[in-house]
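The values are calculated or read from the model by the stated rules, or taken from the named source; none is laboratory data. Everything numeric in this text was worked out from a predicted model, so none of it was measured. Reconstructed Cβ throughout: ideal geometry from the backbone, glycine too, with neighbour counts over all protein chains shown. Surface accessibility is based on the protein's heavy atoms, side chains included, excluding ligands, DNA and RNA. Shrake-Rupley method; radii C 1.70, N 1.55, O 1.52, S 1.80 Å.
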Amino acid sequence: MAIAPKTAENAIGLEEIHTERQEHPKGQKTFTVDEAVETIGFGRFHIMLFLIMGSTGVAEAMEIMLIAVVSPLIGCEWQLQDWQVALVTTMVFFGYMVFSIALGLLADRYGRWKILLLSFLWAAYFSLLTSFAPSYIWFVFLRAMVGGGVSGHAQGLIIKTEFLPTKYRGYMLPLSQVFWLAGSLLIIGLASVVNPTIGWRWLIRIASIPGILLILVFKFIPESARYNISTGNVAAALATLQRIAKMNGAVMPEGVLREPAKERRGRFKDLIHPKYFRTTLQIWIIWLGIAFAYYGVILASAELLERDLVCGSTAPPAQDSGDDSEESRSPCHCRLFGPAAYQTMIISTVGEIALNPLNILGINFLGRRLSLCITMGCTALFFLLLNICTSSTGMTGFLFMLRALVSANFNTIYIYTAEVYPTTMRALGMGTSGSLCRVGAMVAPFISQVLMSASFIGALCLFSSVCVVCAISAFTLPIETKGRALQVCI
């Protein structure tokens, strides 16, 4: 009858006893996911991760930047007013805002990889549908759906962050900006060729190709080991870490992977937990302001080029002089982009990587907070400099520097947000921040494309003031994440 007590135990009791014995074996070594990631180090797996997950930036940039090069054409085709053209961009970011929170919540509960795949399928599907839009209303609705899908692309950054060793995050994550730059240059280059020949509908179809191709290679990237361990799936986390160690030619730490599962994952109230409340509020302000400035610069660039607002210039737009193209003879009498305008857009876009080396040094030596404060302050200054009477070359130079600075701002806040929140709420933290970010992006078109037409200096002062607020907010952030290990839970 010695086995009677064991028989009386229920299944839950047996499981608890078994778990306790596993968690506390006498004299057995254990290690965490963070210790395993640091021990395995950087290698072939991380290069593959960087190339595949980084390429999500190409697809995202092409879908987002698409509106800047298509807006004049749809405005002409459907005889739209300025506010209607601005509304297209606003609705793209409205879709991004709504879906960003939902997808972040789902990613913390069901996995980063699944949501990333779903978001790419969603964005590609609605992007292709947009190219067949029969009217302005359908175009706006379908682009809003595309924005919703693109919001899930942030999971690629989270996966990269959770696999990278601490000392490499400050270097590898900013380098991902190269992919956004590539996507931006690619869509501008394609627009200069496709728009005047086969039209904007074909441009949209071509722009969806990179996203479709990426879906095919996602299978080479595993689910985040940090996510798996947070859900109690120790076997999957261990298998992933062993695979990475094998690819990198490294050895796993000695002992058994041991980290308690976190039942509380992806909860909104965790974002306003006393430990993170102030950080969350300030991050939201910064994200909103950075997006407002970033998309303000992009759309203001297009507005300056479209309207030829170079101080003191009385010459007709470059594309009208000696240009016998179909665009210049448009019966709608629209100011459409010509070769010179596309060239200027390419030059200013290249600026997005101009400060990348300095940005990387600042992030790693000055820290995330001070680096962001400095670049935000400089962004405010260059917005005001746009009001100076200058030549076309001078205007291009100012736009070049502005694009470099706003890009550096985005680099830093992306890294900071991914590092400051623990695994149990990292995707939700990124999702809500991305959502607030799109509020700024939604307002930007009306400032760059509507207010700027009425008051140039007023629009510039507004952009500059927001950047100053963000600089102060960045400087006073309560947590510095430089050299800090990723947290697992609150």
Problem set entry | Selected residue [hydrophobic (A, V, I, L, M, F, W, C), modelled with pLDDT of 75 or more and not in a helix (DSSP H, G or I)] from Ile415, Ile363, Ile388, Ile374 | Ile388
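Every residue, every condition in (1) open to solvent by 20 Å² or more (accessible area, probe 1.4 Å); (2) closer than 27 Å to Ala408 by Cα; (3) in the same structural domain as Asn409 (by the TED database), yes or no:
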residue	(1), (2), (3)
Phe132	yes, no, no
Leu142	no, no, no
Ile159	no, yes, no
Val194	no, no, no
Pro210	yes, yes, no
For this session: Kindly establish whether Glu162 is within 22 Å of Val150 (Cβ to Cβ) and not in a helix (DSSP H, G or I).
Result: no
Exercise. Tell me, which residue of the stretch 53-89 that is in contact with a helix residue (DSSP H, G or I) (Cβ under 6 Å, 6 or more places away or on another chain) and surrounded by fewer than 20 Cβ atoms within 10 Å (Cβ to Cβ) is modelled with the lowest pLDDT?
Worked result: Asp82
For this session: Give Ile221, Ile244 a once-over and let me know the one that is open to solvent by less than 50 Å² (accessible area, probe 1.4 Å) and within 30 Å of Leu128 (Cα to Cα).
Result: Ile221
Exercise. Across the stretch 347-362, which residue is farthest from Ile74 (Cα to Cα) among those that are open to solvent by less than 60 Å² (accessible area, probe 1.4 Å) and of a type outside the set (S, T, N, Q)?
Worked result: Gly362
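Residue-by-condition table, conditions (1) part of a helix (DSSP H, G or I); (2) open to solvent by less than 20 Å² (accessible area, probe 1.4 Å):
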site: Thr379; (1), (2): yes, yes
site: Asn411; (1), (2): yes, yes
site: Leu436; (1), (2): yes, no
site: Val443; (1), (2): yes, no
site: Leu460; (1), (2): yes, yes
site: Cys470; (1), (2): yes, yes
site: Lys482; (1), (2): no, no
Seminar exercise, completed: Only unsatisfied item for Val98, checking (1) assigned to a helix (DSSP H, G or I); (2) of a type in the set (A, V, I, L, M, F, W, C); (3) under 25 Å from Phe337 (Cβ atoms), is (3)
For this session: Kindly indicate the residue of the stretch 93-115 that is farther than 22 Å from Ala441 by Cα and touching a Gly at 6+ places or on another chain (Cβ under 6 Å) and also surrounded by the most Cβ atoms within 10 Å (Cβ to Cβ) among those meeting that condition.
Result: Asp108
Exercise. Quick one: which of Gly183, Gly189 is open to solvent by less than 10 Å² (accessible area, probe 1.4 Å), among the small types (Gly, Ala, Ser) and touching a residue at least 12 places away in the same chain (Cβ under 8 Å)?
Worked result: Gly183
